[in-house]
1. Give me the percent of accessible area attributable to carbon and sulfur for the chain, probe 1.4 angstrom.
2. Out of these labelled values of Rg and Dmax of the Cα atoms in Å, [x] 22.6, 80; [y] 21.1, 69; [z] 15.9, 53, which was calculated from the coordinates shown here?
3. What whole-number value in Å² describes the accessible area per residue of the range 44-123 for a 1.4 Å probe?
4. Subtract the Cα-Cα distance of LEU36 and SER122 from 0.36 nm times their separation in residues, and report this length gain in nm to one decimal.
5. Round to a whole angstrom and tell me the spacing of the C-alpha centers of the range 75-118 and the range 10-71.
6. On a full-extension model of 0.36 nm per residue, what is the gain between LEU44 and ASN62, subtracting their alpha-carbon distance, rounded to one decimal in nm?
7. Given 0.36 nm per residue, what is the gain on full extension from GLU113 to LEU75 after removing their alpha carbon distance, in nm?
8. Can you spot the lysines whose alpha carbon is less than 29 Å from LYS105's alpha carbon? Ignore those fewer than 8 places along the same chain.
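The values are calculated or read from the model by the stated rules, or taken from the named source; none is laboratory data. What you are looking at is a predicted structure, and each value in this text was computed from that prediction instead of being measured. Side chains are part of the model used for accessible areas, which takes the heavy atoms of the whole protein and leaves out ligands, DNA and RNA. Shrake-Rupley method; radii C 1.70, N 1.55, O 1.52, S 1.80 Å.
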Amino acid sequence: LEMHSDEQFFGDFAVESYLENHANRFTGQFDANCYLYLSRASDLFDFAEHGGSLAAGFKKLNLERAMVIGVETDLLFPVRQQDELAKGLAEVIPDTEFVRLDCIKGHDSFLVEMDAFRPVISRYFDPD
């Protein structure tokens, strides 16, 4: 079987055409520049700048209670950082709950493992 260099990456397997179809749909719906801007904004944002410290910034939130959910496999927002966030919030918002979930999909778990998140979030919004 002789392949030309421009033919070697065309779909030979059913999964390749499936993935290519979904990739084309995705890129047609979402502008990659949006992700670049969101990523840059996230990198540059410093909550402590909004009041001089994290505690001062948290007080400005004027919350009665809060919940932070950390996912064990999240590499983008590690569970230890989520725990630190919850502890910081608890200093100014005593009714702060930290929930640690053991999901396997990492940062995207909240999008695809709703069965893990749904009961936790439901309990938070309807505690009775």
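1. Here it works out to 56 percent.
2. Label [y] holds the value from this structure.
3. Details: 5370 Å² over 80 residues.
Value for the range 44-123: 67 Å² per residue.
4. 27.7 nm
5. Going from one Cα centre to the other spans 15 Å.
6. The span from LEU44 to ASN62 would gain 4.1 nm if fully extended.
7. 12.1 nm
8. In chain and number order, the partners are LYS87.
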